Each structure stands twice: as C-alpha cells, then as structure tokens.
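Visitor: Dropping a structure here in structure tokens format, bear with me for questions.
The values are calculated or read from the model by the stated rules, or taken from the named source; none is laboratory data. All figures in this text were calculated on a predicted structure; none of them were measured in a lab. All Cβ positions, glycine included, derive from the backbone under ideal geometry; neighbour counts span all protein chains shown.
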Amino acid sequence: MNEIREVLINEKYLNKNVNVFGWIKYRRISKEIGFLTITDGSNIEGIQIVFKKNLLSKEKFEKLLNINLFTPVSIKGKLIKNLRNNLNEINLEDFTVLNNVDNDFILGKKEHSLEYLRENAHLRIKTTLFQAIMKIRTTLYSELISFFEKENFYYVAAPIITSNDAEGAGETFKILKNNDKPFFNNVGGVLSVSGQLHAESYAQSLGKVYTFAPTFRAENSNTTKHAAEFWMLEPEMTFYDYFKAMDFGEKMLKVVVRKTLEKCKNEFKVLESILKIKIISELELFLKEDFMKISYKEAIIILKNALEENKVNFDEKNIKFGLDFGTEHERYLTEKHFKKPVYIYDFPFKIKSFYMFKNNDTDNTVRGFDLLVSGIGELIGGSQREYRYETLLQSLKEKNINSKDLEWYLNLRKSGYAPSSGFGLGFERLMIFVTKMENIRDVIPFPRTPGKLLF
Ligand code: 4AD
Ligand code: MG
C-alpha cells in the first residue's frame, strides 16, 4: 500500500506497480477512456487515475462509469509521469470497491452552502475546502508547539475542570452530576474559561510556561467570532513586563504564520481559488509589518476624531474613556486607521479583569493589552499581572469577587511572586485570520455556539 502523497512526486515508484487507497473525488469519462481523482487525505491534490476500456473487463469498466463519488476504493496499476503537469498518475489495471455510498449521501451533485455543511459535518470534511482548512489547522497547531519548544517553555496541562472563574466575568459552565447535584462536594466546579491562573502558579517556578487547551465560555455572543468552546494558547513569562510580552506575541505570530505559509502552499492556493480572495500576499505583507502599540487613551482620541470628521459611522457613538470597544471600533483602528496589527494597552480597570497590574494613575488604568488584527478585531488579550497582595485583594473587592474562592491564587503573592506577564491567543481566531474564513464555525471541527449543539 502506498500513500498518495508519496507516489505523486516520488521518482522511485515510476513505471512500477503501485497500490493506493482513497475516495473518488472527481470523475471524467469519454467513450474509450476515463479519469478519476482519488484522495486519501495525505495531500490536497489527490492523484489522477487513468482507465481505458480496452484494458478492463466490460463489467469493471461499466462499474466505474456508474460509481458514486466518494466511494472508497483500492487501486492497482502502473505509475507513469504525466508530461503535461509533471505529476505522476496511475494507469489503472485493477480496482476493488471497499464500501458503497448511498445515493442520498453523495456530495458533489450540487454545491452546498457553508451553513448547510456546518450541520452536516460528515459531508463537510469531504470537501476540498475543509481538507485545506484542517491541514492548515494541524500545521498551525504544531508550529505553535514547536515554537514554544524552541523558546524553552515548559508545557503545563491546565485543568479543564476548575474551582474558579479565571476571568471573573461570570461566564462559566457549572459541572453537575447527571442527578443535577454538584460532584465536587461543596464546590460546584466549572469548566475552565482560561488556564491563566494555573499557568501563573507554574511560571513562578519554571519561569516560562504555556498552556494550550479547550476553554469554555457561557457567553451569549452569537457572532462570527465567538464560540462556547474554543482552544486557547496561553504563555506566561515571569520577569517579563507587558511590553516585552507584546513583543513576544508579535514574534510568535510571525514565526508560526511564516512556517504555516511555507508548509501549506498548496492548501492556501486551494483556499484562494475557492474563496476567490488573496490570502498569500496578504499574509506575506503581515510578516513584513511592525505591529503598532498605542495606549487606550490614544485609541479613544483616534476613534473620537474619526467620528467627528465623518470618516466612519459607528453604531456605538459614545466614544469616551471607559468604553469597552466593540468589534466595529477595533476593526476601524486596525483596518482603516493604522492598516496593520495594533496593540492597545493601559485599559481602564473597570472594563478589564481583576488580575491585571494597576498603574499608579488617577484614571485607574491597568497594564492590560489587546492585539487587534484585520478581519477579526481582538486576536490576543493579555496583561502584566498584579503581584502586590494587598492591591490584588482590593481589585477583587472592587469587582465583587469572593476572595475566598481565590485564596490559593492570592497566596501565590505571599510566596515570592515575581512580576509576570502573559496573554491568551484564541486559536480559532488565529485560524480565521490565516484562512480568511469569515465564521468561527467554519474553522473548528465541531462548533459549539449559543443554542446550538449538534453531534
Ligand atoms: O481576552 P481573553 O478573555 O483573555 C483571557 O482569557 C486571559 N486569561 C488570557 C491570558 O492573559 N492568559 O481571551 C483571550 C483570547 C481573546 O483575545 C480571543 O482571541 C479568544 O481568547 N477568545 C475567544 N475565541 C473564541 N470564542 C470566544 N468566545 C472567545 N473569547 C475569547
Ligand atoms: Mg479579551
């Protein structure tokens, strides 16, 4: 048995007999000769199979004439070079059908919308578009991991079941037994909204750590950028201030995007031809640009001026200190004003989480930062952490969070907590950015969004 990826370009199999397995993706037939494209998942192109009437039994030739698309088959034949495209193809000698495809389940008879495919995940993954997306997702994932390995980070498996709401935003899913009673005696237990607090504790000994895990938010945001279950990558770096963490985030994104572009050339070409948009040149531009950094206050001035000068029309027009930016504001800043990725930092404490380091200023700002990119808005959210015990306690009070639940986290501050910074990258948002797909539901294998749980 040979993988298609291997025989498509490898000279060593030329003019030899090969045996590939795969699904029939395309079929083109004339009177005496027919062509199939077979894919096995090992590459995006598949391989062309040529079959000739005079070389097959009548019965077998007719079987191929009527075979349904996506039938899994085993193909035997001689590998030859197609001189027109310089790719190898197989002259069919024999084949076996491994299973049948019901007539009702044939994909390719008509074009399906992305919405239809979302609800039919078994069909969705058979499309070339989703094969390309999944190859890019796999590559991005492993490039992130190898980046952190090269940067000498420890990997911490943050728990999925936790006792605390790490963001303090009240968006946790509670864990109950199937008799509706809490499983963890007196504490309910929740699904993690972020691995940050656990990462912080390990960073206080290991220096540089990261978590990469599913996270869950019961937030009723029915948008194209929010999912109830998504993957978050969270590095935590002791002895880094927030500016160093921002620079590190820029470096990380550029390395993984560059490597993914290199490794998934064909998949990006497929995306470009299906979506009819430019992706590769846009990502190449992204690699060349330096990210901007501006304070929240500067962002407010830019947005206010843009509105006053009629450069833009926002739904939320009340632009003043304290506004929690909406996607419309974020996208204006990165897409229209700066035309490049931009970090916003020093947010009002009121709109950010309890754990961010408080600046000593009259506006009550914290050393939090968000990275805004085109097509999305917020891609990364992070901060320098509050390391002063008393200040952290005060922040919890101001946010009405019960400090009892976070005693272990507070106690870290009493046991030699060194200044530390970190951030969270929404992995699906990065997928949206890289693939230019518009909906988070189309870059995650099985989307979970408000009110919708299929499969
Ligand atoms: O900004 P967030 O809420 O930050 C945190 O959770 C911090 N604890 C991270 C840290 O400092 N370690 O989330 C981080 C990122 C966002 O910038 C966004 O990309 C993504 O996670 N994100 C979501 N992605 C998809 N669906 C949702 N509902 C998301 N909520 C956040
Ligand atoms: Mg955020």
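Visitor: Checking residue 343 against (1) part of a helix (DSSP H, G or I); (2) within 14 Å of ligand 2 (Cβ to nearest atom); (3) not aliphatic (A, V, I, L, M), only one condition comes out false. Which one?
Guide: That leaves (1) as the condition not met.
Visitor: In the stretch 101-130, which residue that is touching a Pro at 6+ places or on another chain (Cβ under 9 Å) and assigned to a loop (DSSP other than H, G, I, E, B) is nearest to residue 6 (Cα to Cα)?
Guide: Filtering the stretch 101-130 for residues that are touching a Pro at 6+ places or on another chain (Cβ under 9 Å) and assigned to a loop (DSSP other than H, G, I, E, B), the one nearest to residue 6 (Cα to Cα) comes out as 125.
Visitor: With 260, 224 as the choices, which residue is more than 16 Å from ligand 1 (Cβ to nearest atom) and within 18 Å of the chain's Cα centre (by Cα)? Explain how you work it out, then say what you get.
Guide: Numbers: 224 fails: more than 16 Å from ligand 1 (Cβ to nearest atom).
Of the residues listed, the single one that is more than 16 Å from ligand 1 (Cβ to nearest atom) and within 18 Å of the chain's Cα centre (by Cα) is 260.
Visitor: Within the stretch 307-340, restricting attention to residues that are closer than 13 Å to residue 375 by Cβ and of a type in the set (Val, Ile, Thr), which residue is modelled with the highest pLDDT?
Guide: Here the residue is 334.
Visitor: Ok, one more. Quick check on this structure: which one of 406, 396 is modelled with pLDDT under 95 and surrounded by 18 or more Cβ atoms within 10 Å (Cβ to Cβ)? It would help to see each step written out before you state the result.
Guide: On the way: 396 fails: modelled with pLDDT under 95.
Testing whether each residue is modelled with pLDDT under 95 and surrounded by 18 or more Cβ atoms within 10 Å (Cβ to Cβ) leaves just 406.
Visitor: Same structure again: Name the residue, out of 398, 386, that is away from ligand 1 (no atom under 16 Å from the Cβ), on the phi < 0 side of the Ramachandran plot, among the acidic types (Asp, Glu) and in the same structural domain as residue 170 (by TED's automatic domain parsing). Let's see the steps before the verdict.
Guide: On the way: 386 fails: away from ligand 1 (no atom under 16 Å from the Cβ).
After ruling out the rest, the residue left standing is 398.
Visitor: Would you check which residues across the stretch 433-455 are in a helix (DSSP H, G or I) and crowded, with 22+ Cβ neighbours inside 10 Å and list them? Give the derivation first.
Guide: Taking the stretch 433-455 as the starting set, the residues that turn out to be in a helix (DSSP H, G or I) are 433-435, 440-442.
Of everything in the stretch 433-455, those that are in a helix (DSSP H, G or I) and crowded, with 22+ Cβ neighbours inside 10 Å turn out to be 433, 434, 435.
Visitor: Also, quick follow-up: Could you look through the stretch 354-375, keep only residues that are in a loop (DSSP other than H, G, I, E, B) and among the charged types (D, E, K, R), and pick out the one that is surrounded by the most Cβ atoms within 10 Å (Cβ to Cβ)?
Guide: Step one: filter the stretch 354-375 for residues in a loop (DSSP other than H, G, I, E, B), giving 354-355, 357, 359-364, 374-375.
Among the residues that remain, those that are also among the charged types (D, E, K, R) are: 361, 363.
Working: 361: 9, 363: 13.
The qualifying residue surrounded by the most Cβ atoms within 10 Å (Cβ to Cβ) is 363.
Visitor: So, one more: For residues that are within 12 Å of ligand 2 (Cβ to nearest atom), of a type in the set (S, T, N, Q) and touching an Asp or Glu at 6+ places or on another chain (Cβ under 6 Å), tally how many sit in the stretch 366-383.
Guide: Number of matching residues: 0.
Visitor: May I pose another question? With the condition kept exactly as written, say whether any residue in the stretch 377-386 is touching a Leu at 6+ places or on another chain (Cβ under 9 Å), part of a helix (DSSP H, G or I) and surrounded by fewer than 22 Cβ atoms within 10 Å (Cβ to Cβ).
Guide: Within the stretch 377-386 (the criterion being touching a Leu at 6+ places or on another chain (Cβ under 9 Å), part of a helix (DSSP H, G or I) and surrounded by fewer than 22 Cβ atoms within 10 Å (Cβ to Cβ)), the answer is no, since none of the residues qualifies.
Visitor: Given the structure, is residue 276 closer than 17 Å to residue 137 by Cα and either out of contact with any helix residue (DSSP H, G or I) (no Cβ under 9 Å at 6 or more places or on another chain) or not small (Gly, Ala, Ser) (or both)? Explain how you work it out, then say what you get.
Guide: Numbers: closer than 17 Å to residue 137 by Cα: no; either out of contact with any helix residue (DSSP H, G or I) (no Cβ under 9 Å at 6 or more places or on another chain) or not small (Gly, Ala, Ser) (or both): yes.
When the stated conditions are applied, residue 276 does not pass them.
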